[in-house]
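First up is the structure itself, then whatever we jot down about it.
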Amino acid sequence: MAFSLAQTAHHELVIKKSRFIACVEPVAGREEAQARVAQLKAEHPDAAHVCWALLAGGQSAANDDGEPGGTAGRPMLDVLRHQDLQGVMASVVRYFGGVKLGAGGLVRAYTDAVAQALLMAEKIPLIQKTELACSVPYALEGLVRREVELAQAQLQEVTHGSVVTLRFALPASDAAALMHRLSESGRGQLVWLDGDKP
């Protein structure tokens, strides 16, 4: 199961006078991540580096921001992967303290900063949702609404025309059972839309 974060969490490390200010936060995609990096650079104009990693499906990314290749972004991304996170960005603002840490020291510093920030964060399970749509005669609208409510699905749209069309979303794991119940109680008058099949 994949997880995201309930809110932003921070942690700061000081290693040989260098400050590593880590932040982990829920982020939807690369565009939002890049806007957040720009904001961090504006907030920390004297920082030597603002490194970041994003784990968001096909939009995942890692950026070393001038640190030696593979010493910051990639290790941070690996920490997110090991925690089964999705839709999460890790960033570390580094203020250089005058002492070089070497490649191994940098990898450890960036990894530890993000791992410590994640210890402060509340993880929440990501539930895969699916959307369903059906049409029924007016006489069956109440029945469908009750079933949707009982299944704790979110009713998204109801359209009244020659028939009533209802669109709703629910956890993918519950969809088949609800579709079966509605198809049974719809007495052959319920039609699934958008290619959905009972």
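The values are calculated or read from the model by the stated rules, or taken from the named source; none is laboratory data. Nothing here was measured: the structure is a model prediction, and the numbers come from that model. All Cβ positions, even for glycine, are placed from backbone atoms using ideal geometry, and neighbour counts span all protein chains on display. Surface accessibility is based on the protein's heavy atoms, side chains included, excluding ligands, DNA and RNA. Shrake-Rupley method; radii C 1.70, N 1.55, O 1.52, S 1.80 Å.
Out of the residues in the stretch 158-179 that are over 30 Å from the mean Cα position of the chain (by Cα) and aliphatic (A, V, I, L, M), state the one that is least open to solvent (accessible area, probe 1.4 Å).
V164
Can you list the strands (runs of 3 or more DSSP E) found entirely within the stretch 1-77 that contain at least 1 residues being closer than 15 Å to V92 by Cα and within 16 Å of the chain's Cα centre (by Cα)?
The strands (runs of 3 or more DSSP E) meeting that bar are 9-15, 18-26, 49-55, 61-63.
Of L126, L155, which residue is open to solvent by 60 Å² or more (accessible area, probe 1.4 Å), closer than 30 Å to A62 by Cα and either β-branched (V, I, T) or within 30 Å of the chain's Cα centre (by Cα) (or both)?
L126
Given V88, V136, V144, which one is modelled with pLDDT of 90 or more, among the β-branched types (V, I, T), touching an Asp or Glu at 6+ places or on another chain (Cβ under 8 Å) and crowded, with 17+ Cβ neighbours inside 10 Å?
Criteria check complete, one pass: V88.
Among the residues of the stretch 91-123, write down those that are surrounded by 15 or more Cβ atoms within 10 Å (Cβ to Cβ) and among the β-branched types (V, I, T).
V92, V93, V107, T111, V114
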